[in-house]
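Nothing in this text is a laboratory measurement; each read-out follows from the coordinates by a stated rule. Only a predicted model underlies this, so the values are computations on that prediction, with no experimental measurement involved. Positions of Cβ are generated from backbone atoms using ideal geometry, with glycine treated the same way; all protein chains shown enter the neighbour counts.
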Amino acid sequence: MTEITKNRPPSWFWTVSIVALIWNIMGVMAYLVQAFMTDETLMDLPEAEQALYTNVPAWATAAFAIAVWFGALGCLLLILRKKIAKMVLLISLIGIIVQMIYNVFMSKSMEVYGPGGAIMPIMVMVIGIFLIWFSQKSITKGWIS
């Protein structure tokens, strides 16, 4: 049995990797919508949400960009079975942490969205941590190299 056949990932590896890529592409789309929001679109939002979008510091926007672009790249690298996926996903997780520190603790998003506004940040953080674990497991099992 060749090494390529022996270390072939199970079918669920592909499912997880593709779903994770789709999740991160949705994050990229959310970032692009926020980054390129027109004044007209912004004015259509409730006043409290307008304040959230107009007062985002550049470092928080940069963290958002790093989180989603590196997340999408990391998942693509998983699909391509490249070990560097773990490092790229770790950079994405750092972006997530910085972005969530701003969103949860420094902005008034909880006042605007209420307790339900915590669901998405928690989900994003859990998925980011899961992808680091998943990439490490894939390296350990020899599925990516």
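Please say if region 86-131 is rounded, prolate or oblate, where rounded means a/c under 1.5 for a ≥ b ≥ c the square roots of the C-alpha gyration tensor eigenvalues, and otherwise the choice is prolate for a/b larger than b/c and oblate otherwise?
Oblate, because a/c is 1.5 or more while a/b does not exceed b/c.
Tell me what the chain gives for mean residue ellipticity at 222 nm when only DSSP H runs of n ≥ 4 count, each as -39,500 (n - 2.57), the sum divided by the residue total, rounded to 500 deg cm²/dmol.
Taking each H run of at least 4 residues, the total per residue is -24000 deg cm²/dmol.
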Förster-model FRET efficiency, 22 Å R0, Asn7 and Met123, C-beta, rounded to 0.05: 0.10
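In the P(r) worked out for region 3-140, what percent of Cα pairs fall beyond 21 Å? Could the numbers behind the result be given before it?
Values: 4344 of 9453 pairs.
Distances greater than 21 Å cover 46 percent of the Cα pairs.
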Between 0 and 90°, nearest 10: helix 85-100 axis offset from the chain longest Cα axis: 20 degrees
Anchor Lys83: aspartates and glutamates whose Cα lies under 18 Å away (excluding residues fewer than 8 positions away in-chain): Glu3
